[in-house]
Amino acid sequence: MRIDGQAQGDTSTTVRVIELDPGHHNVEILLPNGSKWVREFDIERGRRLCLNLAYHPRKITKSPCPYPVNLSAPVSVNDGDLITFTSDVAYSGTNPLTYTWTVSPSEAKIVSGAGTSTITVDSTGLGGQRVTATLVVDDGSGDAACRQTAQASTPVVPKKPPVVECKPFDQFPSIAFDDTKARLDNLAIALQNSPDDQAYIIIYAGKTSRAGQADSLGRRAMDYLVNQRGIDARRITMINGGYRDTDFIEIWICPPGATPPQATPTVQPSEVQPAREGTRPRRPRRRP
């Protein structure tokens with residue numbers, strides 16, 4: 001402390017009496033934080049003047065900013081799954097935090113949690129892309145260090161295309177053409193009801209049938225379906241399936257994109273004994 005420029009020692013918390021001549025004086029006190037407290041005062045003869053300084057040290061608190069913000073997200077999800085993005089914010093301040101989320105691509109939609117520390121995002125239709133979430137956390141203080149940003153992303157696995165398979169429609173030994181025509185009628189109705197489907201007819205010749213029997217049966221079936229039932233020939237594929245014990249027909253119906261059926265012969269060509277021209281191949285006896 002200095003009075004009128006002269007050092008007067010340290011201040012104290014108790015009353016201290018300093019004798020001064022009447023008149024105008026100046027007091028200067030150096031505070032602990034380096035600042036000065038200065039006052040001008042007048043002393044009247046025969047009277048005391050009390051000066052009191054109420055000094056309270058200013059508490060310096062450490063700012064809670066910046067603070068870490070971490071986002072967690074799934075390693076990957078399937079197209080159509082919900083993606084959960086969760087934040088972990090280590091903020092030691094007392095101000096309420098605000099959470100502002102944005103997601104990309106633009107087709108990604110936040111379905112819940114906007115304005116909170118956790119959101120869920122719909123990934124429908126985003127197969128083959130990455131969904132990225134960006135979070136801005138702010139304590140509202142206006143301090144740039146108290147506005148933190150974090151980001152996380154999750155790849156979306158595309159849906160597998162549905163398995164498209166051919167379905168067996170009918171199978172039967174070729175004995176009488178009238179019986180075959182009835183079954184081909186059923187096929188024609190099915191094709192008319194499903195205009196995008198294709199028919200595959202696999203024809204097997206018997207091991208004692210005439211040479212070229214499978215191709216002959218195929219031509220006859222094609223002629224009936226096209227000329228009698230009005231089916232577009234481009235929707236029918238005839239397949240020579242090789243040999244079985246007797247003449248045999250398989251009918252398959254295939255939707256677009258399906259892998260065509262394969263023939264499954266049961267008799268090797270070396271086992272075939274074709275009937276001679278002018279003879280009829282032996283047919284199995286029908287049971288009553």
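The values are calculated or read from the model by the stated rules, or taken from the named source; none is laboratory data. Nothing here was measured: the structure is a model prediction, and the numbers come from that model. Note that we place each Cβ from the backbone using ideal geometry, even for glycine, and neighbour counts take in every protein chain shown. For the accessible areas, the whole protein counts, side chains as well, though only heavy atoms, and no ligand, DNA or RNA atoms are used. Shrake-Rupley method; radii C 1.70, N 1.55, O 1.52, S 1.80 Å.
Does region 21-28 contain at least one residue that is in a loop (DSSP other than H, G, I, E, B) and either open to solvent by less than 80 Å² (accessible area, probe 1.4 Å) or at pLDDT 80 or above (or both)? If you could, list the steps in order and put the result at the bottom.
Keep residues of region 21-28 that are in a loop (DSSP other than H, G, I, E, B), which gives 21-22.
Cutting the leftovers down to either open to solvent by less than 80 Å² (accessible area, probe 1.4 Å) or at pLDDT 80 or above (or both) gives us 21-22.
Among the residues of region 21-28, at least one is in a loop (DSSP other than H, G, I, E, B) and either open to solvent by less than 80 Å² (accessible area, probe 1.4 Å) or at pLDDT 80 or above (or both), which makes the answer yes.
Restricting to region 68-123, name every residue that is of a type outside the set (S, T, N, Q), closer than 30 Å to Asp143 by Cβ and in contact (Cβ under 8 Å) with a residue 60 or more places away in the chain.
Pro68, Val69, Leu71, Ala73, Phe85
Taking only pairs six or more apart or across chains, which ones have beta-carbon atoms under 8 Å, a first residue in region 257-274 that is of a type in the set (Phe, Trp, Tyr), and a second residue that is part of a loop (DSSP other than H, G, I, E, B) and open to solvent by 70 Å² or more (accessible area, probe 1.4 Å)?
As it stands, the answer is none, since no pair meets every condition given.
Mind listing just one residue for me: the one in region 99-141 that is small (Gly, Ala, Ser) and closer than 17 Å to Asn70 by Cβ and, of those, nearest to the chain's Cα centre (by Cα)? Lay out the reasoning, then the answer.
The first filter runs over region 99-141 and keeps only residues small (Gly, Ala, Ser), leaving 104, 106, 108, 112-115, 117, 123, 125, 127-128, 133, 140-141.
Narrowing further to those that are closer than 17 Å to Asn70 by Cβ: 113, 117, 133.
On the way: Gly113: 17, Ser117: 20, Ala133: 12 Å.
If we take residues in region 99-141 being small (Gly, Ala, Ser) and closer than 17 Å to Asn70 by Cβ, then Ala133 is nearest to the chain's Cα centre (by Cα).
Could you tell me whether Asp232 is without any contact (Cβ under 8 Å) to a residue 40 or more places away in the chain, exposed (fewer than 11 other Cβ atoms within 10 Å of the Cβ) and within 23 Å of Asp179 (Cα to Cα)?
So Asp232 fits the description; yes.
Given (1) open to solvent by less than 70 Å² (accessible area, probe 1.4 Å); (2) at pLDDT 95 or above; (3) among the hydrophobic types (A, V, I, L, M, F, W, C), where does Phe169 come up short, assuming only one miss?
That leaves (1) as the condition not met.
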